[in-house]
Amino acid sequence: MTNTTRRDELTRSGQESTSSPPVPGQRWRVVAARRTDTERLLSRLRTGVALTAGRLATTTSKRLRLGSGGIIGGRVAMALRPDLLDRLVADRRIVVVTGTNGKTTTTHMVAQALRAGGDSVSNATGANMLDGHVAALMSEPDAPYAALEVDELHLAQLTDRFQPSVILLLNLSRDQLDRVGEIRSVEASLRRALRQAPAAKVVANADDPNIVSAAIDHPHVTWVSGGCRWKHDALNCPRCGAFLGELEGDWECACGLRRPVADWTVDSNGLIAPDGGVERLSLPLPGQVNRVNATFALAASTELDLPRSESLERIQRLRDASGRYGHTTMAGREVRLLLAKNPASWLEMLDLVAENERPLIFVVNSRQADGHDVSWLWDIEFERLAGRTVLVTGERALDLAVRLRYAEVNCETASSVQQALHSAIIEHSAGPVEIIANYTAFRDLFAKRQQH
Amino acid sequence: MTDDSAIRIALVVPDLLGTYGDRGNALVLAQRLRWRGHRAEIVTVLSSAETLPDSCDIYLLGGGEDVAQQAAVNFLARGDGLRRAVDAGAVVLGVCGGLQVLGTSFTTGDGVTHRGLGLIDISTEPGERRAIGELSTRSEEHELGLLTGFENHLGRSRVGPAARPLGRVLHGVGNGADATEGAVSGRIVCTYLHGPALARNPLLADTMLSWVVGEPLSELPPFPELTELRSERVKAAG
C-alpha cells in the first residue's frame with residue numbers, strides 16, 4: 001500500500017467508522033472498511049494483546065534496569081499489531097516537537113500546557129522515534145492529548161503515517177554530523193515531512209533561516225521569534241547559498257527567502273502573543289533558550305484553542321525536564337545538571353555558567369547516540385572561561401582537555417564524575433557544582449540520580 | 001613590535017567551509033605562535049568579502065557541503081588572491097572539502113564535475129559510501145611520522161605526479177583511490193584528517209609555522225593530555 005492511499009483511506013468518509021467523530025481542530029479520522037463482527041472481535045483482541053505485551057515489555061525493561069522501557073514496549077506492540085499506531089493516534093490531538101536543541105524540554109512544557117485541556121501523554125524519556133511514540137501513546141490510550149518529541153530525521157517517517165494537529169520546529173544546527181548528516185539534508189527532510197502534513201498547524205522559528213526554509217511553503221505557519229544565538233549554520237541562505245549576514249533582526253536573501261513577520265515575540269521582558277496580548281514569563285528554567293521553548297509550548301496550546309493563561313501557568317510550573325536544569329545532590333554535593341550536545345547548546349549552557357563563579361565539571365562521551373566525532377568541541381568558544389578551572393571527564397576527556405588548554409582554561413582530568421566531585425579543586429570551592437554533560441553522559445547521570 | 005610583525009592566519013570562508021570544527025586549526029596555530037612569543041592574528045574572510053586578500057601568511061580551508069564547496073571555488077577564483085599568495089610563499093592547509101577545492105577537479109554527489117583551483121595536483125570523484133571514522137597514517141614528509149584524526153567524506157582522491165601523498169594509511173580510508181592520505185606540494189598541505197586536524201597533530205602545525213617563521217621553532221612546555229590523546233586515538237582507530 002502506498003502512503004498516499006493510506007492517507008486517502010484515512011480521510012475517506014461514508015464508511016462505518018470504528019471511532020467517534022473527530023475532535024474539533026482535527027482534520028482527519030481513522031475509518032476502517034466494513035468488517036464482520038468476528039473480524040472486529042479478533043482485531044480488538046489483537047490490539048489488546050499487542051498493548052498488553054508492549055506494556056509488559058516496558059515494565060520488564062524498567063524492572064531489570066535495562067532502560068526506561070520507552071522503546072522496547074513500542075517495538076513489541078508494533079510487531080504484534082503493525083497498524084497499532086493508526087489506532088493510537090485516532091481521536092487524539094497530537095503536538096509533535098522537533099529541532100536540534102530543546103526538544104525534550106519543550107515537549108515537557110507542551111505536555112504541561114495541554115493538561116489545560118485534559119489528560120496528556122508524552123514520550124518524556126526521550127525515546128523520540130516511532131517505537132517510542134507508540135510506547136508513549138499506549139501508556140494512556142484514552143488521554144485526549146499527546147506531546148511527542150520527534151528526532152528531526154524521523155519527522156518525515158511520522159507524517160508519512162499520520163498528520164499531527166500541531167508541529168513545532170524549534171531550530172536547526174550542526175549536530176552529530178557523522179550520524180545525522182549535514183544540515184542541508186536535514187532541512188530537506190523536514191520540508192518533505194511538512195509537505196506530507198498539509199492539515200497540521202506548524203509553529204516555527206522565524207529567526208532560524210534553516211527552519212524558515214523548511215517551513216515557509218506550508219499553508220499554516222505561526223512564527224515565533226526569540227533571537228538566534230548560534231549563527232554559524234545560518235550565515236548563508238539554505239536555499240541558494242548566498243551570504244545572509246549577521247542575522248540581527250530582519251534578514252532577506254536575493255532569492256526571495258526572508259525572515260517572516262513574527263506572530264509571537266519573546267525577550268527578557270516577556271512575550272507578545274499574536275493578538276497583541278503581553279505576558280510576563282516567570283520560569284524556573286533558566287535562560288532565553290527556555291523563554292523561547294516556553295513560547296513555542298504556549299503557541300502550540302493556543303493553536304488547539306486552550307486557554308492561554310492556564311497553559312502558561314502550567315508551563316511555568318515545570319522545574320526540570322528529564323533532569324535538564326535540575327538541582328540534585330551527588331557525592332554529598334549540590335549540583336545542577338545541564339545538557340549540551342553540540343555547539344549551539346554548549347553556547348547556551350556556557351551563557352548560564354559564565355554568569356557565576358561556581359565550580360565546573362564537563363563530561364563528553366562519543367557513543368553512537370553522541371556521534372563518534374568530537375571535532376565540534378572546536379566550534380565552542382571556551383575562551384570565555386579563560387582563567388577558570390574545569391574538571392573534565394567522560395570518554396573524550398582528553399579531547400576536551402586539549403581544547404581547554406588551547407583556550408587557556410585550567411583543567412584537570414578525572415576518571416568519573418564521582419572522582420571529579422571528590423577532587424581537591426571541587427572540594428575547596430563553594431556553591432553548587434555546574435555539570436555540563438553531552439547526551440549519553442547526561443543520560444547516565446540522570447539514571448543514577450533517579451536510582452537515589 | 002608593530003602590528004605588521006604579526007603572523008596573519010586567514011580562516012578562508014568559514015561560512016562555506018567550516019562544518020567540522022575547522023576553526024580549531026586557526027586557534028591552534030595562533031596559540032602555538034603566541035606561546036612562543038610571536039604575534040598572531042586570525043583574519044576571518046567570509047564569502048561576503050569582495051575577494052580574498054593575498055597578504056596573509058597562512059590560509060586555512062576547511063570542509064563543507066557540496067553546494068558550499070562550489071560556492072567556495074567561485075569565491076576563490078574571483079580575484080586570484082590565493083594563487084598570488086601561494087606564489088609569494090604563503091602556507092596553505094586544505095582539509096577535506098578544502099583538499100578537493102584546492103585540487104584540479106572534483107565530482108560532487110550529483111555527478112557534476114567541477115574545476116578546482118588547480119593549486120595542487122589531486123582530483124576527486126565520489127566513492128560508493130562515505131568514509132567515516134578514525135584515521136591514522138604515517139608520513140615520511142618533513143619527519144611528521146604518525147598523524148591521527150577523524151575522517152568523514154564521500155570523495156575518493158587521486159594524487160597526480162606533480163604532488164606527493166601526505167602519508168600512508170595505517171587505519172581508515174584516506175584518499176581511497178589507493179592506500180595514501182592527503183597531498184603535499186611545496187607549502188600546500190591537504191588532508192582528509194578533518195576538522196581540527198592540527199589539534200591532534202602538533203608537529204604538523206609546527207612544521208607549517210616554521211615555514212612561515214623561517215627557522216625551527218622553540219620547544220613548547222610538555223602538554224601531557226595531548227600525548228595521551230594521540231595514543232588513545234591511534235589505538236581507537238584499530
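If you go through the range A:261-291 and keep only what is part of a loop (DSSP other than H, G, I, E, B), among the hydrophobic types (A, V, I, L, M, F, W, C) and either touching a helix residue (DSSP H, G or I) at 6+ places or on another chain (Cβ under 8 Å) or open to solvent by less than 70 Å² (accessible area, probe 1.4 Å) (or both), you end up with A:A262, A:A273, A:L281, A:L283, A:L285.
Can you list the strands (runs of 3 or more DSSP E) lying wholly within the range B:106-225 that have 2 or more residues being open to solvent by less than 30 Å² (accessible area, probe 1.4 Å), among the aliphatic types (A, V, I, L, M) and over 26 Å from B:L76 (Cα atoms)?
Working: elements: B:113-115, B:122-139, B:145-159, B:167-171, B:183-185, B:188-191.
In the range B:106-225, the matching strands (runs of 3 or more DSSP E) lie at B:122-139.
Just so you know, in the range B:19-44 the residues that are open to solvent by 10 Å² or more (accessible area, probe 1.4 Å) and small (G, A, S) include one that is nearest to A:D175 (Cα to Cα), and it is B:A40. Just to be sure before I move on: is A:S213 part of a helix (DSSP H, G or I) and either within 14 Å of chain B (Cβ to nearest Cβ) or not aromatic (F, W, Y) (or both) in the structure I sent? Yes: the conditions hold for A:S213.
Pick from the range A:211-224 the residues that are open to solvent by less than 10 Å² (accessible area, probe 1.4 Å) and more than 12 Å from A:A262 (Cβ to Cβ): which of them is nearest to the chain's Cα centre (by Cα)?
Step one: list which residues in the range A:211-224 are open to solvent by less than 10 Å² (accessible area, probe 1.4 Å), which gives A:211-215, A:224.
Of the ones still in play, those that are also more than 12 Å from A:A262 (Cβ to Cβ) are A:211, A:213-215.
Values: A:I211: 15, A:S213: 19, A:A214: 17, A:A215: 17 Å.
My answer is A:I211.
Of all residue pairs spaced 6 or more apart or on separate chains, those with beta-carbon atoms under 6 Å, a first member in the range A:178-202 that is modelled with pLDDT of 90 or more and a second member that is open to solvent by 20 Å² or more (accessible area, probe 1.4 Å) and β-branched (V, I, T) are A:V202/A:V221. Annotation: of all residues in the range A:377-402 being more than 7 Å from every other protein chain (Cβ to nearest Cβ) and part of a helix (DSSP H, G or I), the one that is most open to solvent (accessible area, probe 1.4 Å) is A:R384.
Yes or no: the range B:70-92 includes at least one residue that is part of a strand (DSSP E or B) and out of contact with any Cys (no Cβ under 7 Å at 6 or more places or on another chain). Can you show your working first?
Taking the range B:70-92 as the starting set, the residues that turn out to be part of a strand (DSSP E or B) are B:91-92.
Still in the running and out of contact with any Cys (no Cβ under 7 Å at 6 or more places or on another chain): B:91-92.
Checked the range B:70-92: at least one residue is part of a strand (DSSP E or B) and out of contact with any Cys (no Cβ under 7 Å at 6 or more places or on another chain).
Scanning the range B:203-231 for residues that are within 10 Å of chain A (Cβ to nearest Cβ) and touching a residue at least 40 places away in the same chain (Cβ under 8 Å) yields one hit, B:R230. Among the conditions (1) aliphatic (A, V, I, L, M); (2) touching a residue at least 60 places away in the same chain (Cβ under 8 Å); (3) out of contact with any helix residue (DSSP H, G or I) (no Cβ under 6 Å at 6 or more places or on another chain); (4) more than 14 Å from chain A (Cβ to nearest Cβ), the only one that B:L193 does not satisfy is (4).
What residue, of B:R200, B:R187, is of a type in the set (D, E, K, R) and more than 14 Å from every other protein chain (Cβ to nearest Cβ)? Spell out how you get there, then give the answer.
Numbers: B:R200 fails: more than 14 Å from every other protein chain (Cβ to nearest Cβ).
Residue meeting the stated conditions: B:R187.
For the range B:107-137, which positions are closer than 30 Å to B:L229 by Cβ and either among the acidic types (D, E) or touching a Cys at 6+ places or on another chain (Cβ under 9 Å) (or both)? Passing the criteria: B:I120, B:I122, B:E134. Taking each residue of the range B:77-88 that is at pLDDT 95 or above and looking for partners that are open to solvent by 90 Å² or more (accessible area, probe 1.4 Å) with beta-carbon atoms closer than 9 Å, six or more apart or interchain, yields B:V86/B:R187. Search the range B:226-238 for residues being touching a Ser or Thr at 6+ places or on another chain (Cβ under 8 Å) and part of a helix (DSSP H, G or I), and hand back the single one that is most open to solvent (accessible area, probe 1.4 Å). If we take residues in the range B:226-238 being touching a Ser or Thr at 6+ places or on another chain (Cβ under 8 Å) and part of a helix (DSSP H, G or I), then B:R230 is most open to solvent (accessible area, probe 1.4 Å). Looking at the range A:226-235, can you tell me whether even one residue there is surrounded by fewer than 23 Cβ atoms within 10 Å (Cβ to Cβ), more than 14 Å from chain B (Cβ to nearest Cβ) and modelled with pLDDT of 95 or more? Within the range A:226-235 (the criterion being surrounded by fewer than 23 Cβ atoms within 10 Å (Cβ to Cβ), more than 14 Å from chain B (Cβ to nearest Cβ) and modelled with pLDDT of 95 or more), the answer is no, since none of the residues qualifies. Residue check: B:S48 meets all listed conditions (1) within 14 Å of chain A (Cβ to nearest Cβ); (2) touching a helix residue (DSSP H, G or I) at 6+ places or on another chain (Cβ under 7 Å); (3) of a type in the set (S, T, Y) but one, namely (2).
Restricting to the range A:405-452, and then to whatever is aromatic (F, W, Y) and touching a strand residue (DSSP E or B) at 6+ places or on another chain (Cβ under 9 Å), can you tell me which residue is most open to solvent (accessible area, probe 1.4 Å)? Reasoning before the result, please.
Applying the first criterion (aromatic (F, W, Y)) to the range A:405-452 yields A:406, A:439, A:442, A:446.
In the following step, the residues that additionally are touching a strand residue (DSSP E or B) at 6+ places or on another chain (Cβ under 9 Å) were identified as A:439, A:442, A:446.
Details: A:Y439: 64, A:F442: 8, A:F446: 37 Å².
Filtering the range A:405-452 for residues that are aromatic (F, W, Y) and touching a strand residue (DSSP E or B) at 6+ places or on another chain (Cβ under 9 Å), the one most open to solvent (accessible area, probe 1.4 Å) comes out as A:Y439.
Scoring A:M129 on the criteria (1) farther than 25 Å from A:I183 by Cα; (2) in contact (Cβ under 8 Å) with a residue 24 or more places away in the chain; (3) open to solvent by 30 Å² or more (accessible area, probe 1.4 Å) leaves a single failure, condition (1).
The values are calculated or read from the model by the stated rules, or taken from the named source; none is laboratory data. Note that the coordinates shown come from a computational prediction; the quantities given were computed from them, not determined experimentally. All Cβ positions, even for glycine, are placed from backbone atoms using ideal geometry, and neighbour counts span all protein chains on display. Surface accessibility is based on the protein's heavy atoms, side chains included, excluding ligands, DNA and RNA. Shrake-Rupley method; radii C 1.70, N 1.55, O 1.52, S 1.80 Å.
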